[in-house]
Structures are given as C-alpha cells and as structure tokens.
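The values are calculated or read from the model by the stated rules, or taken from the named source; none is laboratory data. Worth saying up front: this structure is predicted, and the values here are computed from it rather than measured. Glycine gets a Cβ as well: all are built from the backbone with ideal geometry, and neighbour counts include every protein chain shown.
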Ligand SMILES: [Zn+2]
C-alpha cells in the first residue's frame, strides 16, 4: 500500500512537471501564420487536426507517405510551407516518412519535448508551428539526423506539378 502511494506521488509529480514544460515551452516561438482553432478545424480533416494542432502521432505503416518513393516536394498540410524534398527521404524502417534534413532553413523549427516522460526534439513547421514529428540523431549521412514525420502533416506534390506557386508562405516576410 505504501509503495502504491509513493508510486502515485512520483507519477503525479512527473505529470505536473511534464505539463508545465509543455504549457510554457512555446513562449519564444512565434508563428507567422496564425489561425483560430475553429479555422484550423474547418480547414483540416480530423486526423490532420489531431496530428498537427494537438501533437498527435499517426500509427506506424498507416500514413500515405512512409513508403512513397516518388520524386517531389512535401509541404505543410496546414499552410503549404515547403518542408522536405524527396531527395533527402530515406527508408528508416520505422513506418513513418523519414528525412535526413529539411528542404530549406525556413522549413522547420525544433524544440525540446518532455511529453511521455521522454526528452525528445519536436519538429514543427516554421511558418505555422504545426506539429510534424520528432528529430533523432541516428540518421544516415550526410547529416546524421532522422526527421521522423507524420504523413498526415504533409501534402506531397510530385515533381513537375506546380499546384502551388513558388511564392509560398515561407518567402512572404
Ligand atoms: Zn505550416
């Protein structure tokens, strides 16, 4: 019984600390594209909303892009910001689309993530702060980085298709 109380106290404290960091860590990041929660809900599918605006994770091997080997660009499903290029995509075996670097220096931004009692590095869209996934340090050369990204957070534009003009939101400022 005493052990159970201690365990509950430890887990409870860890939860409080975790939620404190999650609630406060956004203060120094500013989105250039800001929409209300209702606007995001109206624009996105429920799964896209859950992943990008509520930091969800799609199940491995279920997303539309993990096994996509086509050449093209991966853009933010929320704001069209160019995120990743197919030339940096590699087979990680995890079931999530994986890249060794973002497409441009305006593609992503990272921040420490303390959820689930783990210290990980969260990857977000630099333009609208959509949650994309996490980056790890066990990737291939030349960067050694493994950007583990949810398919739901991205839209794929095959090479040669110009659905989105080059004046994307990333270049507006
Ligand atoms: Zn975005």
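For segment 97-126, give me each residue that is crowded, with 23+ Cβ neighbours inside 10 Å and within 24 Å of residue 70 (Cβ to Cβ). Passing the criteria: 97, 98, 99, 102, 107, 108, 123, 125.
Filtered by the rule that a residue be more than 13 Å from residue 129 (Cα to Cα), surrounded by fewer than 21 Cβ atoms within 10 Å (Cβ to Cβ) and within 12 Å of the ligand (Cβ to nearest atom), segment 41-94 gives 43, 44. Against the list (1) within 12 Å of the ligand (Cβ to nearest atom); (2) within 13 Å of the chain's Cα centre (by Cα); (3) more than 19 Å from residue 54 (Cβ to Cβ), the condition residue 97 fails is (1).
What are the residues in segment 126-169 that are within 28 Å of residue 114 (Cα to Cα) and either within 12 Å of the ligand (Cβ to nearest atom) or at pLDDT below 95 (or both), if any?
Within segment 126-169, 126, 127, 128, 129, 130, 131, 132, 153, 154, 155 meet the criteria.
In segment 103-122, of all residues being out of contact with any helix residue (DSSP H, G or I) (no Cβ under 9 Å at 6 or more places or on another chain) and within 16 Å of the ligand (Cβ to nearest atom), the one that is farthest from residue 55 (Cα to Cα) corresponds to 105.
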